[in-house]
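A.B. asks: Please read through the structure below; I'll follow up with questions.
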Amino acid sequence: MATKYPQYKIGQWIDTSEEAMSKPELTISYGVEIRPYKGAKWMHCCRDNKPLIFGTADEASAEIAKLKSNVM
């Protein structure tokens, strides 16, 4: 089966701000990444010049479902 593009995935980022690093547990954000065509590099997916970053993997996954169905 041929790979369909664009492809989406969830990336994880650790908050390294001074405030976050002073907490006993890590703060992790989940962002949507896109690979628009074969051979392209993965890049952050944005809307209105803001990256699609969420507090949970479930929220990021729901956003990917919206993107795949073109509901925005």
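The values are calculated or read from the model by the stated rules, or taken from the named source; none is laboratory data. Remember, predicted model here, so these are calculated numbers, not experimental data. As a convention, Cβ positions derive from the backbone with ideal geometry for all residues, glycine included, and neighbour counts pool all protein chains shown.
A.B. asks: When the residues of the stretch 25-42 are filtered to those that are closer than 16 Å to Leu67 by Cα and surrounded by 10 or more Cβ atoms within 10 Å (Cβ to Cβ), which remaining residue is modelled with the lowest pLDDT?
C.D. replies: Taking the stretch 25-42 as the starting set, the residues that turn out to be closer than 16 Å to Leu67 by Cα are 30-37, 42.
Checking the rest, the ones that are also surrounded by 10 or more Cβ atoms within 10 Å (Cβ to Cβ) come to 30-36, 42.
Numbers: Tyr30: 98, Gly31: 97, Val32: 98, Glu33: 98, Ile34: 96, Arg35: 96, Pro36: 93, Trp42: 97.
Result: Pro36.
A.B. asks: Something else: Go through the stretch 56-68 and count every residue that is under 15 Å from Trp13 (Cβ atoms) and either at pLDDT below 95 or touching a Cys at 6+ places or on another chain (Cβ under 6 Å) (or both).
C.D. replies: Qualifying residue count for the region: 0.
A.B. asks: Any residue at all in the stretch 15-24 that is assigned to a loop (DSSP other than H, G, I, E, B) and surrounded by 15 or more Cβ atoms within 10 Å (Cβ to Cβ)? Please lay out each step first, then the result.
C.D. replies: Taking the stretch 15-24 and keeping what is assigned to a loop (DSSP other than H, G, I, E, B), we get 15-17, 22-24.
Next, from what is left, pick out any that are surrounded by 15 or more Cβ atoms within 10 Å (Cβ to Cβ): none.
Within the stretch 15-24, not a single residue is assigned to a loop (DSSP other than H, G, I, E, B) and surrounded by 15 or more Cβ atoms within 10 Å (Cβ to Cβ).
A.B. asks: Among (1) among the hydrophobic types (A, V, I, L, M, F, W, C); (2) modelled with pLDDT of 95 or more; (3) assigned to a loop (DSSP other than H, G, I, E, B), there is one condition Val71 misses while meeting the rest; what is its number?
C.D. replies: Exception for Val71: condition (2).
A.B. asks: Which of the residues that make up the stretch 1-14 are hydroxyl-bearing (Ser, Thr, Tyr) and exposed (fewer than 10 other Cβ atoms within 10 Å of the Cβ)? Break it down stepwise before answering.
C.D. replies: Keep residues of the stretch 1-14 that are hydroxyl-bearing (Ser, Thr, Tyr), which gives 3, 5, 8.
Once the filter is applied, which keeps residues that are hydroxyl-bearing (Ser, Thr, Tyr) and exposed (fewer than 10 other Cβ atoms within 10 Å of the Cβ), the stretch 1-14 yields only Thr3.
A.B. asks: Among the residues of the stretch 43-64, is any part of a loop (DSSP other than H, G, I, E, B), surrounded by 13 or more Cβ atoms within 10 Å (Cβ to Cβ) and touching a strand residue (DSSP E or B) at 6+ places or on another chain (Cβ under 6 Å)? Steps first, please.
C.D. replies: Within the stretch 43-64, the subset part of a loop (DSSP other than H, G, I, E, B) is 45, 48-49, 52, 55-56.
Pick out the ones that are also surrounded by 13 or more Cβ atoms within 10 Å (Cβ to Cβ) and you get 45, 52.
Checking the rest, the ones that are also touching a strand residue (DSSP E or B) at 6+ places or on another chain (Cβ under 6 Å) come to 45, 52.
Yes, there is a match, as at least one residue in the stretch 43-64 is part of a loop (DSSP other than H, G, I, E, B), surrounded by 13 or more Cβ atoms within 10 Å (Cβ to Cβ) and touching a strand residue (DSSP E or B) at 6+ places or on another chain (Cβ under 6 Å).
A.B. asks: If you don't mind, there's one more thing I want to ask. Could you tell me which numbered condition Ile34 fails, if it satisfies all but one of (1) in a loop (DSSP other than H, G, I, E, B); (2) in contact with a Cys (Cβ under 6 Å, 6 or more places away or on another chain)?
C.D. replies: Status for Ile34: all satisfied but (1).
A.B. asks: In the stretch 1-44, which residues are of a type in the set (D, E, K, R) and more than 10 Å from the chain's Cα centre (by Cα)?
C.D. replies: Just the residues of the stretch 1-44 that are of a type in the set (D, E, K, R), to begin with: 4, 9, 15, 18-19, 23, 25, 33, 35, 38, 41.
Answer for the stretch 1-44, where residues must be of a type in the set (D, E, K, R) and more than 10 Å from the chain's Cα centre (by Cα): Lys4, Asp15, Glu18, Glu19, Lys23, Glu25, Arg35, Lys38, Lys41.
A.B. asks: Are there any pairs with C-beta distances below 9 angstrom linking a residue in the stretch 28-50 that is more than 24 Å from Thr16 (Cα to Cα) to a residue that is of a type in the set (Ser, Thr, Tyr) and crowded, with 16+ Cβ neighbours inside 10 Å, with the two at least 6 apart or on different chains, and if so which?
C.D. replies: Taking only residues 6 or more apart or on different chains, the pairs are Arg35/Tyr8.
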